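The values are calculated or read from the model by the stated rules, or taken from the named source; none is laboratory data. Quick caveat, the model's predicted, so the values are computed rather than measured. Cβ sites come from the backbone with ideal geometry, for glycine too, and all protein chains shown count toward neighbours. Remember, those area values only see protein heavy atoms, side chains included, never the ligands or the DNA or RNA. Shrake-Rupley method; radii C 1.70, N 1.55, O 1.52, S 1.80 Å.
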Amino acid sequence: HRDLHSFPTRRSSDLRTTPVAARWLNNSWKLLPIIGTMNDGNLFGIACTSLRNCSAVGEYINGTFVSQTLVEGWNGSRWIALPSQNAGIGTNNQLQSVWCVSATSCTSSGWSETGGGSSSSLIVALTGGAWKLESSPNPGGQSILYGTACVTSTKCWVVGGSFSTKTNSQQTLIEAHS
């Protein structure tokens, strides 16, 4: 029995994008509603710990045209938008990946960007029943995270890239997160 989920994006007549979920069931994809989701959003990563528990992450554009973190939770029958923290007011935030070791322990990574265009790594974790901002180093000046992997609730790695404005060079980035 395969239970797969996909996250295409639906574009409306006013050119807004809305995240949608699809589930592979009985040899075909079935669209699933997402309750309380934001318009102008995208989902980029998904992790499931069971058929009844998945978390998907991405970004949505708020009313002031700022990209904010987006977390959706699957409870076995429907997707629900969940509150998640951002790196500050007026900064763009986007989650790229998520890894869950249990229904109550997930880590997500991405980036935040100020109006000046400077990017910083972003880690948001599900702890104590809420998606909260975690500290994240930014070596070299600007950092973006694209992938997350965890072996326990307290031992994760995130990967991405770091750009040094001093040396004008980019390097791969691996951060241990505990």
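Points to keep in mind about this one:
- Answer from TRP74, TRP99 - the residue that is at pLDDT 90 or above, over 24 Å from SER136 (Cβ atoms) and touching a strand residue (DSSP E or B) at 6+ places or on another chain (Cβ under 8 Å): TRP74
- Matching residues, the stretch 46-69, being open to solvent by 50 Å² or more (accessible area, probe 1.4 Å) and closer than 14 Å to ALA149 by Cα: ILE46, CYS48, THR49
- The criterion of at least 3 residues that are of a type in the set (Phe, Trp, Tyr) and either closer than 29 Å to THR167 by Cα or touching a residue at least 40 places away in the same chain (Cβ under 8 Å) (or both) is met by none of the strands (runs of 3 or more DSSP E) wholly inside the stretch 75-156.
- Residues (out of contact with any strand residue (DSSP E or B) (no Cβ under 7 Å at 6 or more places or on another chain) and charged (D, E, K, R)) located in the stretch 122-165: LYS155
- One residue alone among GLY128, GLY88 is under 19 Å from THR49 (Cβ atoms), surrounded by fewer than 21 Cβ atoms within 10 Å (Cβ to Cβ) and out of contact with any His (no Cβ under 7 Å at 6 or more places or on another chain), and that residue is GLY128.
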